[in-house]
Structure formats: C-alpha cells, structure tokens
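Take a look at the structure below.
The values are calculated or read from the model by the stated rules, or taken from the named source; none is laboratory data. Keep in mind that this is a model prediction, so the values were computed, not measured. Don't worry about glycine lacking a Cβ; one is built from the backbone with ideal geometry, like all the others, and counts go over all protein chains shown. Please note that ligands, DNA and RNA were not included when accessible areas were found on the heavy atoms of the full protein model with its side chains. Shrake-Rupley method; radii C 1.70, N 1.55, O 1.52, S 1.80 Å.
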Amino acid sequence: MIFENKKRNTQVYALGQHICMSAHKARKVIDQIRGRSYEETLMILELMPYRACYPIFKLVYSAAANASHNNGFNKGDLIISQAEVNEGTTVKKLKPRARGRGYPIKRTTCHITIVLKNIYLAEKYD
C-alpha cells in the first residue's frame, strides 16, 4: 500500500471586481496592509481616513470568512500574503455643457485581489 503525502492548500483569496475608484488610490491603502496579520489589518483599515478602506475591509473580511468556513482555518493564524490592485474598465459618459457641447467624464474602476495565508499550516507543510 502506497501512502501519498498530500499537500494541503494554505491560501484563500477574495476578489473584488469593478470597484468604482482609481487603482492608484486603492494601491495607497493596499501597500499599508500587505504582509500584516488579519487582526492588525482590520484595525488599520478601520482607522485610516481613506474612501478606499471600506471595500478593501470588506474583501479582507470576506477572504477570512472563506478561510474559516471552507477550510476551517483559525482567523488568528491568517496573514495577508498577497494583495494586488489592477485597473478595470473605464466607464465613459458625456456631460452636457454650454453651447450644445459635451464634456467627457471618465469613471475609473479597479479589481482588488486579497490572498490570505495560514502561517501555522504553511510552516507545517513546507
């Protein structure tokens, strides 16, 4: 009988697409939380005064909920292993101006990916 050493998946992610803010503003917040623990990240995001904090807070919370529900991870053992922001589509509109002209309005969107890693299991299986 042959026993296989199965490697357990130690990472969980959450993906937010088409979030209405520029990628540059979201990256300013994401750079502050990359590599930190789950509890520390939640405290930082609650106290930072930026508009980008709320959707990122929701994504981190969702990724932790995925980790505890789907894989049975303890939320205290999670760290932010990867966090990236990519540019999404740009919604283009025309705003009416004087003399029948139209002025273009561009609403930028972004895609945010949060990857949480269980440090306890990563040490155990690596």
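Which count do you get for residues in the range 24-64 that are in contact (Cβ under 8 Å) with a residue 60 or more places away in the chain and under 15 Å from V85 (Cα atoms)?
Our first condition is that a residue be in contact (Cβ under 8 Å) with a residue 60 or more places away in the chain; within the range 24-64, this holds for 26, 30, 38.
Filter once more, keeping what is under 15 Å from V85 (Cα atoms): 26, 30.
Here the count works out to 2.
So which of T41, T89 is in a strand (DSSP E or B) and among the β-branched types (V, I, T)?
T89
What's the number of the only condition in (1) loosely packed, with under 12 Cβ neighbours inside 10 Å; (2) over 17 Å from H18 (Cα atoms) that K92 fails to meet?
All conditions pass for K92, except number (2).
Being open to solvent by 40 Å² or more (accessible area, probe 1.4 Å) and assigned to a helix (DSSP H, G or I) is the filter here; which residues of the range 45-62 pass it?
Across the range 45-62, the qualifying residues are E46, L47, Y54, F57, K58, Y61, S62.
Matching residues to (1) surrounded by 10 or more Cβ atoms within 10 Å (Cβ to Cβ); (2) modelled with pLDDT of 95 or more:
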residue: A64; (1), (2): yes, no
residue: A67; (1), (2): yes, no
residue: N70; (1), (2): yes, no
residue: K75; (1), (2): yes, no
residue: Q82; (1), (2): yes, no
residue: G100; (1), (2): no, no
residue: I112; (1), (2): yes, yes
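Name every residue in the range 1-42 that is among the aliphatic types (A, V, I, L, M), loosely packed, with under 15 Cβ neighbours inside 10 Å and modelled with pLDDT of 90 or more, in order of residue number.
Scanning the range 1-42 gives a single hit, L15.
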